[in-house]
Every structure is written in structure tokens, then in C-alpha cells.
Amino acid sequence: MSSILIIVFGPLLAAIIAGLGNRAIGNVPAKILTTGALFLSCALSWPIFLSFVAGTAEASVVPVLKWVQSGTLTFDWALRVDTLTAIMLVVITSVSALVHLYSWGYMDEDPDQPRFFAYLSLFTFAMLMLVTADNLVQMFFGWEGVGLASYLLIGFWFKKPSACAAAIKAFVVNRVGDLGFMLGIFGTYLVFQTTSIPEILAAAPGMAGSTIGFLGMRLDTMTVLCLLLFIGAMGKSAQLGLHTWLPDAMEGPTPVSALIHAATMVTAGVFMVCRLSPMFQTSDTAMMVVTYVGAATCFFAATIGTTQWDIKRVIAYSTCSQLGYMFFAAGVGAYGAAMFHLFTHAFFKALLFLGAGSVIHAMHHEQDMRYYGALRKQIPLTFWVMMAGTLAITGVGVMGVFGFAGFYSKDAILEAAFASGSEHGQLAFFLGVVAALLTSFYSWRLMFLTFWGQPRWADSEHIQHAVHGHHEDLDEEASHSEHNSHAHHGGDDGTAGYHPHESPWVMLLPLLILSVGAVFAGYVFIHAFIEDAGFWKGAIFYNEHLMHAMHEVPLWVKLSPGVVMLAGLLIAWNSYIRNPKLPAAFVAQFRQLHAFLYNKWYFDELYNFLFVRPAFWLGRVLWKQGDIGIIDRFGPNGAAWAVAQGSRYAQKVQSGYLYSYALVMLLGLVAAVSWVMVR
Amino acid sequence: MDFAASLGLVAPEILLSVSGLVLLLVSAWAGDKASRAICIVGVAVLAVCAVLVVPALCGGAMGTDTVAFDGQLKADAFSAFAKLLIYAAAAVALIVAPAYFERVGAMRAEYGVLILFAVVGMGIMVSATDLLALYIGLELNSLAAYVLASFLRTDGRSAEAGLKYFVLGALASGILLFGMSLVYGFTGTTGFDGIRAALSGELSMGALFGLIFVLAGLAFKISAVPFHMWTPDVYEGAPTPVTTFFATAPKVAALALAMRVTLDAFGSQEIAWQQVIIFAALASIVVGALGAIGQVNIKRLLAYSSINNVGFLLIGLAAGTPQGAAAMLVYLVIYVAMTVGGFVAVLMMKDADGVPVEGIADLAGLSRTRPVLALCMAAVMFSLAGIPPLFGFWGKFVVFQAAVNAGMVPLAAIGIAASVIGAFYYIKIVKVMYFDEPADTVKGISDWAHWALLAIAALFISPLGYLLTKVLGALADNAATALFFAA
């Protein structure tokens, strides 16, 4: 039995048992089963990946089942393993296994743990199906599967209205993207008469330049198909326009945010573009759109990240922004760089999210950074892993010596964008550099607000609740032991007597492992991903020329990411350590700019006005006027009313008097006679 | 055909009459002590009569060999089919009676005798091929029925039921007789064969009036709308064993009679009566269903249910084809089984003192106190509603199929739609039994005979009943063929 089968179906089996067994098998067995299955998958994935890095493995396809055979439409369940899949396998299984473990601690007090772990494993299965897909339909199965799991997990705390709303929003916005993806799949089948990915990619260059009728226009075939598929990728990867669900998805438990909304699912769009790279390569227009959208998202999300107060939202916009980097890398043809950033980003972003989760855990579910401060001494381990994540995302490193993960991948992207020489590539480069400045700023802002300065959590409702709840418990048992309560009366130091404590080891261990990835992933794997054409073995379109040009860029291009990183750090230090009053003054000065950014460029308001309200209006019209007013009124309710009336009347006639009975009989007789006479 | 052969053909009626007379003497001499024994003997006599008619049914008897007394009666497969059903229903009425009447000290020896005489009348009704024989059979049955309805002489409701039945029955008999005289006047004969021959061709106005009046008189007997008004009052007021009897045997007899009259005597003027039958069918379905909604007494509800079922049966008659007649007979068998099941279940519902429980509200939560009884009752209700896989569905199915094959798609469609209304009140009973808080009223215990009857009825209407569709269909086809043989 091939190990890929165990990797993919182990999590599914665990999800089914834990999900259906639920309370019958209990919390601990469900957790052991799901976590065990993921660690097994992870252990089996790394050898596959390393054998590709070493260059000893070849791409292979493991057939599982026949699926559909209908005329020319034929496709099977089959698991494809090549370099691209191997990268995704380690990313998914590693992060998922660590998130499973982390959730033991984070979800410890939740009453629904088997359900949570079953969803997590189900998600992992769907994601693995997506990345191992050998045809577009199976990819779509995984695509929808991760969407479903994401919906279930965002709405995991379904008693919270905001969580339900966020889950629905994620689902609905993804439908928009999925419609594009579906049309893309249909169109691809129409053009190529197959859904098999290798066959499509082999035939794609031959289709360049042909035209297809779409919406009554004659358009370039490959451009239409690629753009439709890219709309799907935009939805899943939260690109500008279809990004609105991602920040709201932070309503889900933090481990979910780390696994789904940072490391894996949101990168599915990037994966898909890379998987279909020979197809995208045939259309310059499509590539240009991908570049523009990626660059715009990268810049736009970074600007919003600078103003948010919720620690998870900052990281969510950061994710959105980093996904933009990946897309414009793919758009300029540097698919290797895109995948490399995907790979390193998975580690450091999962680390940042889980670290944020650890902070939130320590702060009794307070997520507002205004109520943090000086946590460096309270939760030192969390501080150090967050520091590792921040160094990785801001791209700290010294050229030619050593750098954190993001240093290599982000630099590779920016260099490739500049080296591509095209107009949109240049624009993407400049936007990317500005975004790098902003990234550095908001990342350090997060660090400074959280770990430096003075404690500010006295005003937090969560903390007050925790302290008072705790205090009342104490009153009963320890009213005589005065020394116990002195800790709870020190409100003047901004702590309100609350002292955060470090998370349990099941949460810290994944953080430590991920920080190893965040520190070394770039340094170790840069060669394979960027410089080694043999590594990819045709799994992506490898642009030899561009890869060489990357090394020939001027020195200022190579230095610019480091410079803006330092600039961002200095601005953040100046604003939040040296002169903490500065941000308020800035906001007062540029009130409108701040409001614009703080309100996320008013995208939600715009969509609310353009789509949500008209949709609700239409729905309400159809409901009130159409359904209740017409269908119900003349249908079920009308029939029921008529029956009730008839019943009342029938009983009224049944008076019990003989003469009325005789009258009815005679009337009936007369009526019958009259009828047959006049007929 | 000689007189002896004629006597041989009416052997069941002779046996029943003689038994009735002998038992009457026994009751006169032995008094009420003998009432239980009379019922038992009555069941035995009915069993013997059933054996006597089986050969005619299985052999598909028809034609001149079956004609008795120069065309007064016809002992063919059709009448044999109806008689078997009537005997079975009458036997049930005999079996369940003692337990019911003895509790109130009202068990009289005449009960069994009256049932037997009524059966004689019904036997004549279903074999009559002459207006006079028809009338004699009808009146013999009716006179016994009027007495039976008011059998609980001390009970006001029972007396009222008997009186209402009598007065309205007399009116109906008058209408029927008037119709007969018109038919005789315009055709010059009372025999069905002669009438059919005389009516072929242009139909005179007088004969048409006669036809309609005869149908109206028969419609009263089968309680088709608008001649149904007596049914709820009589069914509610009459003692429950009698209601069981009314709802089954006379319905079978009157419907068989109506089939013989319309398809045989007026068979050549189908166009004249078909629309009237269609109206009566639809009106019965709708009024039966509407009337049942809102009833609080289970017997009254079953009365409306029987009106409703007659409507479905008339759809088969309206088709006017052998298939329609066969479908009606199949439906009748299933209807009798369902009705017997329903009324036996009602008879078994007694409070701790043995007083019968008739309120639907008293059935609340029956599933928890008397699960088997509730299950049987639920099966009866679902079957009456015509919900597969219960056997009641089959009856409706064959009738609608016959109507569709006869080209009456709208009629079938309306019938099916209207049966949805019926489902509401049938299933409401199930809801009351299974989902309401227990009322804890039904506590009384029943003897094995009731349980046996209920079990037979429940098994018959259960999905197991479908095992019988083939043999039932074959017998019904025999009977229908015999009915149409002369035509």
C-alpha cells in the first residue's frame, strides 16, 4: 500500500470516527486518534518531500477508484505526487499536526472537542485531496471540501452570532469565486475535452491564440479560461475584491485561523495557479491581471494592517498581503518563488497565529492590543517565538550569510518582479517594496504594543471578568487568608492585579517546532526552490531566463527590502516605544486617511450597499410578496382555509334535525332530476 | 329452469331463513339466557352458508344456470363474492356483540336472529335481478336494521338513531318505490333483462325519472352524498357492534345492488347515470373528508370515513367497466377489513369499569398505555388514508387505475387530491395516540375473540395483504365477469 493513501485517507478515517463517535468515544480518544493520524501523515510526508529535494523521486500517480465514465467525460479518483504536491504535503501535514497538538491546550475547556478535532481532520483530508488532485474535478472536490470545513470551523462556536455571520460570509464570498472556478473547469473541459491536469497542460500551448465565444464576445480562449480559474483562486486566497471574508473568519478558534486561514487553505489559490502554470503562461493578459491583483492586494492589505487593534485581524491582513506577494510572483512567472514564499509563509504565519493564540489564551480571550503591554516578562517563551515569527515575516537577514525564512522568499519575489522587466512587474516591485515597509511597521507595532511598554489590561472587560470571577471564588474559601487577596488590589500599575501566565507545554511545543521552521526554512531550502531547475521536474512552468535575470538585478534592488524593513522598524519603534503619543497625534492630523484605512477602505460598506442590501431586498420581496403573499396564500394556507371553512359548513348542515336531513335528500333528488333533464 | 333447481340456487338464503326462524323460537322459549349461544350458532350457520357459496365464486358461475325463479334472483359469482363478504361482516357483528351488551344487561336473544334476517335480506339484495326481489331484500334488511339501531332501548341516543334511520329510510324507500313504478310503467317489466332491453335506444323522460329515483333510493342505503345525512347520527347513536355491522355488511349489499342495477338493468343507458354517480362520488369524498375534520367522537369520525370511502368506491362504478367493477369489489374487501379493524379497536377501548370510550381525546398517549392496540389503530388509520405500504393503498390504487383506464383522468385526479384532506384527520388520530400526553382513560381488558379479530384485520391491511392481491384480483375478476355476462 502506497504511503500517500495513508497520508490522505488517515485523517479522513480519524475525522469520521471522531465525528460520528463524538461523545460516545469521549474527548481524549477522539483527540488521540485525530492527532495521531495527523502525526502519522506528517511523518510519512517528510520522506516524500526530502526525496524530491534530494532529486531521487519521480512524479507518480496512485489510482484509487473509478469515478465517472460518461461519453468523453472520464475521470477517476487518483492521487498525484510530484514536487509541487510534495511541498504542499509537508506544509499541510506539518502545520495540521502541530495545530492538532496545540489545540489540546487551546481547546481544553471546550465542551465540544471531538467535533472540533473531527472538523480539523476533515479539513486536512479535503486539503490533501485538493493538492493531490490529478484532474480538475477532484481538485474541485477538495476545493469545496476545504470550503465546507472552513465554514464549519469559523462557525464552530455557533452560539456566537458574529461567528455564524462570519461563517456565512466566508461561504457566500467563496461561492462567487467558486462560480468562476466552476465556469473555468467547464470551459476547460469544453476546450480540451478532458479534465486531466497533465493532458490539459500538455495541450495548453497549442491553444494559445485561439478564440472562444463568451458572454456574446469573441475572446482569447486561454485568457478567458485562466481568468475564470483565477477568480476561483481569488476567492479562496482572499485577493482584493473577494478578500472581505478573511478578516471576519478570525471569529473561529485561533488554531483554525493558523491552519486554515494562514498556512493552508488560503494558499490553495496560489497552488492552483502554480499547478496550472503552463496554462497561465499561454496568456499574457491573464498573467498581467494576476500580477496587478496580487500587487494591489499586497499593498492594500498591508495599509489596513497598520491601523487595526485586534491582534488576530492584524495577522489576518498580513496574511492577505503576503498572499498578494505570492500571486504577483506567479504573475511575473516566478512560480518557484511563489511556492517558496508559500512554504516559508506557512511556517512563520502559523507560528504568529499560534503565538497570538498563546497571548490570547494568557489574556483571557482579550484580543485588543490596546489592553496588552509589557507581556515580554510575563510570557517569555511566547514572546521569543513571536519574535522569531516577526523576524521571519519582516525578512531580517544579511545577504550571503544568514536570514530568517521570509528574507529569502520575499527577496526572491521582489527580485523576480523587477527582473521580469515588464511594466506590471515593475509596478508590482514598487508596491511590494512599499508593502514590505508597511509589513515591517505593523509587525513591529504588534510586537511593541503587545510585549513592550506598560501593562494596560486593567480596563479590559475580559481581564476584569476573569479577575472578579476569580476573586469571588476566593472570597468563599480564603476570606481569612488576607495574603492571598493582596495581589488583586494593585490596580494602579495597569494590571488590575492580573498576572498572565505561560501556556501549557502542548501549546508551546508546536510553537517551538514552528519557530525552527520560521528561522531555518528559507536558509535550508532556497537552493532547491529557486536555483535548482531539476527540483521541479516540470511540476511548474520553470522560467530559466527569469531565474537567471533575478541574480543580475542592480544592488539597490537587492538592498531595498532590507532598507525598508529597517525603516519600518524605526518608525514603529519611534511611534510606540520612544514617543507613544505620536500615533494619536498622527491620527488627529490625518483623520480621514486613518478612518479610511481603519474601516478597511470601506469595502464592507460598499459591498453592503451594492450587493447585500439589494439581495436582502429582493429576497424579502420574493418572500413576503411572492412566497407568503401568493404561493402560501393561494396554495397551502388557502387550501387549509378552504378545508376548514368547508368543514365548519358541513358540520353546520349536520344539524341533527330530521327535517333538514330529509330536505337535503329531496334537494339532492331534485337537483339530480333537473340536471339529467336539462342536459 | 325447474323449481327444485331454483331452490338449490338459493340454499344459503333458505338455510339462513330456517335457522333464523328456529333461533327465534329458541329465543322465545329460552329467553335471554340463550343469547350468547344464539350468536355462536349464528356464526356457525354463516360459516356453512359461506361454504355453500364458495363453489359459485371460484367456479365463476354465470349465465342461465344461475338464474332462479324465472329471473327473480341470480346466484352467480358476483352475488357469491358479495355474500361471502356480507357473511364475514355479519359474523364479526355476532362475535363482538355479547361482550358489549352484557355489560349493560341489554343482551337480548333477538340480536342474533335479527342479524341473520338482515343477512337473508342482503343475500336477496345482491342476487336480485328483478325490481320486486330487490325491494323485498332491501326492506327485509332495513326492517332488521331499524330495530338493531335502537337495540339499546333504554339509551336515548340509540332510540334516536333507530327513529331517524327509520323515518329517513322510509322516505328513501318511498323514493325507490316511486322510481320502480316509473321504470315499470315506461318499460312494462320489472326484470332487469327486460328493462335493459326496453331502455336500449332513446330514453323516455319517464324512464329517466324512474332511473334517477331508483338511484336516489339506493344512494340512501350506501350513504352517498347528498343522501348521507343520517349516517353520522345513526353510527354514533347505535350500539357499537351494530355500527360495525352497518358500516360493513349493508354497505356491501347496497353497493353490490347498485352495481347490478346500474350496470345490468340500466347498463344500456350508462350516459344517463354516469354523471350523477360521478357527482355523488366526488361529493361523498369531499363531504366525508370535510365532515370528519373536527369530530371529537371516534364513531362519528368513522361514519364520515365510511361516506368518504363510498365516494372512492363510486369512482369505480362511474368507470362502468368490468375493470371498474372488479376494482370496486377489491376495494370493498379491503374496506370491510379496515372498518372491522377500526371498530373492533374502538370496541376494545374501555375504561377501568368497562365503559366504552368513544372520545378521540381519550385516546391521547394510547401508544404508551396500550402499545399493541395503538399500533393496530394506527395501521387502520394509515390504511384508511391510503398510505402505502398498507393495504388500503391498493384499494384506492385499483379504483383510480380503473377510472384512468376508462378515460376519466380528471375524476381520478380530483379524487386523489381530495384524499389528501382525508389523510389529515386519519393521521391526526395517530398523532393523538402517539404524541399527546397520556390521558390514561383506556384501561379495560378485552377477550381473546376481539384480539383475534383485530389481529386478522390488522394482518390483512398490513403490507402482508399484498400477498393476496393476485387471488383477490382473480376472484374479483370472476365476479365482475359474471356481472357483465348478460350485458
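Values quoted throughout were computed directly from the atomic coordinates according to the rules given, and no laboratory measurement underlies them. The shown structure was predicted, so the numbers you read here are calculated from the model rather than taken from an experiment. Glycine gets a Cβ as well: all are built from the backbone with ideal geometry, and neighbour counts include every protein chain shown.
Per residue of B:20-33, other chain Cβ atoms within 10 Å of the residue Cβ number 0 on average.
For the stretch A:276-355, the set of chymotrypsin sites (Phe, Trp or Tyr not before Pro) satisfying both a DSSP loop assignment and a count of at most 16 other C-beta atoms within 10 Å is given as A:TRP309.
Show me B:415-423, A:640-648 ranked by packing, highest mean number of other Cβ atoms within 10 Å first.
Highest-to-lowest ranking by the protection proxy: B:415-423, A:640-648.
Using only the alpha-carbon atoms of the stretch B:328-416 as identical scatterers, what base-10 log of I(q)/I(0) does the Debye formula give at q = 0.11, 0.13, 0.22, 0.24 Å⁻¹? Debye intensities relative to I(0), on a log10 scale: -0.41, -0.53, -1.02, -1.13.
Let me check I have the definition right: for chain B, take the eigenvalues of the Cα gyration tensor, multiply each by 5, take square roots. What are those semi-axes in whole Å, largest first? They are 34, 26, 20 Å, listed largest first.
Most tightly packed first, judged by the mean number of other beta-carbon atoms within 10 Å of their residues, the peptides A:583-596, A:90-103 read A:90-103, A:583-596. Straight-distance candidates among the aspartates and glutamates for linking to B:LYS350, with alpha-carbon spacing under 20 Å and chain neighbours fewer than 8 residues away dropped: B:GLU102, B:ASP155, B:GLU236, B:GLU358, B:ASP362, B:ASP436, B:GLU437, B:ASP440, B:ASP447. Annotation for the stretch B:313-364 versus the stretch B:118-141: alpha-carbon center distance of 24 Å. For the stretch B:448-487 versus the stretch B:1-34, the spacing of their alpha-carbon centroids is 28 Å. Amide H contacts under 5 Å for B:ASP351: B:VAL357, B:LYS443, B:GLY444, restricted to partners 5 or more places along the chain or on a different chain, H placed in the peptide plane at 1.01 Å from N. Neighbouring Cβ atoms from other chains, within 10 Å of the Cβ of residues in B:205-216, number 3 on average.
Taking Rh as the Kirkwood radius, which is the inverse of the mean 1/r over Cα pairs, what is the Rg/Rh value for the protein assembly as shown? On the Cα set of the protein assembly as shown, Rg over Rh gives 1.21.
Computed from the Kirkwood radius of its Cα pairs, the Stokes-Einstein diffusion coefficient for the stretch A:168-300 at 37 °C and 0.692 mPa s stands at 213 µm²/s.
Give the lysines whose C-alpha is closer than 21 Å to that of B:LYS470, dropping any in the same chain fewer than 8 places away, or say none. Result set, ordered by chain and number: B:LYS83, B:LYS396.
Global dimensions of the stretch A:88-174 from alpha-carbon coordinates: Rg and Dmax equal 13.8, 42 Å. Here the stretch A:306-403 is treated as an ellipsoid with the same Cα gyration tensor; its semi-axes, largest first and in whole Å, are 28, 16, 10. Cα centroid separation, the stretch A:111-128 to the stretch A:50-76: 25 Å.
Counting every Cα pair in the stretch A:373-449, what percent are over 16 Å apart? All intermediate terms of the calculation are to be shown ahead of the outcome.
Working: 1674 of 2926 pairs.
For the stretch A:373-449, the share of Cα pairs beyond 16 Å comes to 57 percent.
Shape class for chain A, computed from the alpha carbon gyration tensor (a ≥ b ≥ c): oblate, with a/c not under 1.5 and a/b at or below b/c.
Rounded to a whole number, what is D in µm²/s for the stretch B:333-487 from Stokes-Einstein with the Kirkwood radius over alpha-carbon pairs (20 °C, 1.002 mPa s)?
127 µm²/s
Within the stretch A:564-640, the percentage of alpha carbon pairs spaced more than 17 angstrom apart rounds to 70%. Estimated translational diffusion coefficient (Stokes-Einstein, Kirkwood radius over Cα pairs, 37 °C, 0.692 mPa s) of the stretch B:103-154: 283 µm² per second. For chain A, the mean residue ellipticity at 222 nm estimated from helices alone is -22500 deg cm²/dmol, where every DSSP H run of n ≥ 4 contributes -39500 (n - 2.57) and the total is divided by all residues, rounded to the nearest 500. Peptides B:443-451, B:232-240, B:275-283, B:302-310, ordered by how many other C-beta atoms sit within 10 Å of their residues on average, highest first, read B:302-310, B:232-240, B:275-283, B:443-451.
Please compute the alpha carbon radius of gyration of the stretch B:69-125, then divide it by the globular-protein estimate 2.2 N^0.38 Å. Two decimals is fine. List each step's numbers first, then the result.
Details: Rg = 14.4 Å, N = 57, 2.2 N^0.38 = 10.2 Å.
Against the compact-globule rule of thumb, the ratio is 1.41.
When the helices in chain B are scored as -39500 (n - 2.57) per DSSP H run of 4 or longer and the sum is shared across all residues, what 222 nm value do you end up with, to the nearest 500 deg cm²/dmol? Using -39500 (n - 2.57) per qualifying helix, the result is -25000 deg cm²/dmol.
Here A:LYS349 is the anchor, and the lysines within straight C-alpha reach of less than 20 Å, apart from those fewer than 8 places off in the same chain, are A:LYS236, A:LYS312, A:LYS410.
For peptide A:650-662, the mean count of partner chain Cβ atoms within 10 Å of a residue's Cβ comes to 5.
Shape of the stretch B:38-156 from the C-alpha gyration tensor: oblate (a/c of 1.5 or more and a/b not above b/c, with a ≥ b ≥ c the square roots of its eigenvalues). Remark: the stretch B:17-87 is approximated by an ellipsoid whose semi-axes, taken from the C-alpha gyration tensor as √(5λ), come to 31, 14, 7 Å, largest first.
A simple spin-label model places the labels of A:TRP46 and A:ASN22 3.6 nm from each other, with each point 7 Å out along Cα-to-Cβ.
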